[in-house]
Structure formats: structure tokens, C-alpha cells
Amino acid sequence: MSTPLLEARGASRAFGGGVFDRQQFVAVADASLVIPEDDPVVVAIAGESGSGKTTLARLLLGILPPTGGSVRYQGTELRDLDTKMRQTFRRQVQAVFQDPFEVFNPFYRVDHSLTVPVAKFFPELSRSERRQRIEEGLQAVGLRPEETLGRYPHQLSGGQRQRIMVARALLLDPRVIVADEPVSMVDASLRATILETLSRIHRERGISLVYITHDLTTAYQLSHTILVMYQGAVVEVGEVEQVIKAPKHPYTQLLVSSIPLPDAKRRWGEGTVEVTHSGPTVEEDVEIPSATGGCAFAERCPHVMPRCRQQRPPLVQTDAGRAAACYLYEDAAVLSEEQVAGLSYGGR
Ligand SMILES: Nc1ncnc2c1ncn2[C@@H]1O[C@H](COP(=O)(O)OP(=O)(O)OP(=O)(O)O)[C@@H](O)[C@H]1O
Ligand code: SF4
Ligand SMILES: [Mg+2]
């Protein structure tokens, strides 16, 4: 494989552990994910609240440095990018967040959030060329420039604000969009439109998507591959078709059993079922097993065995195109970081 466009290799992020906060909390442990250079992909990252999805997104976006492993853009560690490459990285890897209202400055018209990045990344364009780029970006996400420009954030609907964020990402000619729960704050009908827009952008412009969600139905509809996270660990990874239709990890099985089998012909957003969980959550003061302390799912797992509590299970290849971190698959081969990274985008 050629050097990936963006990759996380065994990336981890711990919080705390300082002088005032002795207890270390591992929000992401050993995550590997690849966005190839020449083959646009849609990768979903799914898991319940607190599983580390946003933290992994922030690692990929360079907003947060990893405390272990590495995150690289075109082969260079993000912290080592020189000024020019950093600028290219900032343009090519764009974020769309859950709540666009927080991103907008309420005192500026929404135009501001579009003109500033265009001026920054395309200083060579004339005023009218910039304006044209902005209008094309808005049209690409189904917004009419004359009805959008000149307004303040509060004068737009949540769905319009979210589409402006997608337009903003788009008009910088990105190669990857990291969309963190992009539709969880908008109603069902708009959810479908926004996801359709993202899907079209991927198909027509060859932009890769990292789609973060706690909703397996839309993950199934939108993505090619999926990483399922549980308490910071990637517990299952591989082709979405296999993972959702025949999950191997007991946690993924639990998630999938709580949704009706998704129908590929169903339209976006119809029958969306959120990931639910019946066990304890992170907030409920559960002791999180450390990397060597056992399987994080042991407390909730119907198949738990004594060895599950001793050491964290590694990702093993349960079948071609997919891996799960579980001791139930004793005979399966333990995968290297490289192999896990390959499964994350469907590469072999
Ligand atoms: N800056 C931080 N300092 C300390 N802990 C943090 C920090 N950021 C995240 N965490 C913790 O890391 C864990 C993972 O958080 P993260 O936001 O990545 O989860 P998530 O999967 O995105 O959840 P949600 O679905 O609710 O958005 C949580 O327990 C959270 O409290
Ligand atoms: S490793 Fe053990 S506790 Fe963890 S999911 Fe597998 S069987 Fe369950
Ligand atoms: Mg989150």
C-alpha cells in the first residue's frame, strides 16, 4: 500500500495522571485506522456514549496529541508537520461537529465562517472568485446562497447551520471529512438529507469520510467499514456488512440485537435506532480495566471466562475482512497493528 493519507497507528489518549489528578483515564487505547491516499473510503466509528469516539476524532484532526502510538498525515507525525504541510493538512482534513451552533460566533453573519477560511486557504483568489466558491459550496449542500448569506446564526435552523458547516468543509477542497455525530441534533427528515449530502460528496468528489455515530443503522447505510469502540478500545473492526450482519464480539452482538436488521434499500434516517445499553456507564464509577487488566466488557459479557479478567484481549482475525478483540476466538490469529489498520479501510 502507498503511504496513507491519514492514519492512526496504535494511537492512545490518556487523561489525568498529573500531580493533582493522579488517576489516569484511558479514553482511547491502541486505535489503528487508515484513510488511503488513492482510494476514498467511508469509515464509521460507532459505540455508546463515552466510548472514546470524539477523542479518536480529535486525535485524527490533530486537535489533541496522542499520549501513545502515532497519528500521521502523508507519513509524517502530526506534531512534526512543517508550516506548509500543516497548512495543507488543516485544509485537507476537515471536521463537521455535532452542534454547529457552538462553532458559529453569534455576533457575525454566517458569511464570516465561510469567507475567513476561504481567504486564509485561497489567498490568490479574487473577491468575486471567493464569493463564487462560497456560493458553489452552499449549493452543493442544497442551500440557496441568497437565503443563507447575510443572516446571523440564530436566524437559521439547526439543519441549515449544519449544512453550512458541511459547505464550509467542502469549499476548502478537503480530502477527508471527519463528521462527529453530524446529524444527532437535527430532526429525522433533515438527518436523511444531510447524510445523503455527505454520501454524494464522497461519491462525486472522492472525499473520504470518517463518520462517527452511536446509531448503527446510519453507520450501516453510509459506510464501507466500521470500528466498534467500547470504553476506549476498538473491539471489532472490518467490513460493515459482516460486522453488522454477523457480529463476532459480544458487545457488537448486544448492539446489533437491539436494532432490527437494517434494510439496505431503506431511505436514510427511517427507522433509526440508537445504540442502547443496559449495563453500567462510565459515569457510574465503574473501574475501567487498564490495558493489562482484562476485557473492558467483562462486567456485561454473558460469555465471560476467568482469563477475560486477566489481560486485555487483542484483536484477532475471526474471518477475512474483520477482527474482534475477544477470547472466544482462541484459535484465531492475533493481528499486527498493520493488519488491523488494513481492515479499518477494507484493504487486504
Ligand atoms: N479533556 C478530557 N479530560 C478528561 N477526560 C476526558 C476528556 N475528553 C474526554 N474525556 C473522557 O474520555 C471518555 C471518552 O470521551 P469521548 O468524548 O471521546 O466519548 P464519545 O464516545 O465521543 O461519547 P459521546 O457519544 O457521548 O459523544 C469519556 O469518559 C470522557 O469523559
Ligand atoms: S474477552 Fe471475554 S469478557 Fe471480553 S467479550 Fe470476549 S468473552 Fe466476553
Ligand atoms: Mg462524542
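3J(HN,Hα) along the stretch 83-98: 4, 5, 5, 4, 4, 5, 4, 4, 7, 7, 10, 10, 10, 10, 9, 4 Hz, from the Karplus curve 6.51 cos²θ - 1.76 cosθ + 1.60 with θ = phi - 60°, whole Hz, x for Gly and Pro.
What is the antiparallel percent of DSSP beta bridges lying wholly in the chain, to the nearest 5?
Numbers: 28 of 47 bridges.
Of those bridges, close to 60 percent are antiparallel.
Excluding ligands, DNA and RNA, the accessible surface per residue across the stretch 55-175 is 51 Å² with a 1.4 Å probe.
Output the antiparallel fraction of DSSP beta bridges having both residues in the stretch 160-264, as a percent to the nearest 5.
Details: 6 of 11 bridges.
Approximately 55 percent, going by the DSSP bridge assignments.
Stretch Arg22-Glu338 to full length: gain in nm at 0.36 nm per residue minus the Cα-Cα span? Let's see the in-between values first.
On the way: separation 316, 0.36 × 316 = 113.76 nm, distance 3.29 nm.
Here the answer is 110.5 nm.
Couplings 3J(HN,Hα) of the stretch 211-223, computed from phi: 9, 9, 7, 10, 10, 5, 5, 6, 4, 5, 5, 8, 9 Hz, in residue order, whole Hz [Karplus 6.51 cos²θ - 1.76 cosθ + 1.60, θ = phi - 60°; x for Gly and Pro].
Charged neighbours of Ile212, selected by a Cβ distance under 13 Å, balance to -2 (K, R count +1; D, E count -1).
Here's how it looks for Cys326: its modeled amide H is under 5 Å from those of Val316, which are all 5 or more places away or on a different chain. Over the chain, what percent of the accessible surface lies on carbon and sulfur atoms, probe 1.4 Å? Carbon and sulfur: 48 percent of the exposed surface of the chain.
Would you work out the charge dipole size for the stretch 20-126 about its Cα centre, treating the Cβ of every Lys and Arg as +1 and the Cβ of every Asp and Glu as -1, and quote it to the nearest 20 debye?
On the way: 11 positive and 13 negative charges, 63 e Å.
That gives a dipole near 300 debye.
Scan the chain and hand back the longest stretch that contains none of the chymotrypsin sites (Phe, Trp or Tyr not before Pro) lying in DSSP loops with at most 15 other Cβ atoms within 10 Å. Spell out each step's value before the answer.
Numbers: sites that count: Phe20, Phe107, Tyr108.
By the stated rule (loop sites, at most 15 other Cβ atoms within 10 Å), 109-348.
Applying both filters, DSSP loop and at most 13 other Cβ atoms within 10 Å, to the GluC sites (Glu not before Pro) of the stretch 108-159 gives Glu124. A protection proxy built from the mean count of other Cβ atoms within 10 Å ranks the segments 44-52, 157-165, most packed first, as 44-52, 157-165. His214 exposes around 40 Å² of accessible area when a 1.4 Å probe is run over every protein chain in place. Applying the Karplus relation 6.51 cos²θ - 1.76 cosθ + 1.60 with θ = phi - 60° to the stretch 232-238 yields 3J(HN,Hα) values of x, 9, 7, 9, 8, 8, x Hz, where x marks Gly and Pro.
Under a 5 Å amide H cut-off, with hydrogens placed 1.01 Å from N, Gly69 pairs with Ser12 among residues at least 5 apart or on other chains.
The values are calculated or read from the model by the stated rules, or taken from the named source; none is laboratory data. What you are looking at is a predicted structure, and each value in this text was computed from that prediction instead of being measured. So basically every Cβ, Gly included, is an ideal-geometry build from the backbone, and we count neighbours across all protein chains shown. With ligands, DNA and RNA removed, areas are computed over all heavy atoms of the protein, side chains included. Shrake-Rupley method; radii C 1.70, N 1.55, O 1.52, S 1.80 Å.
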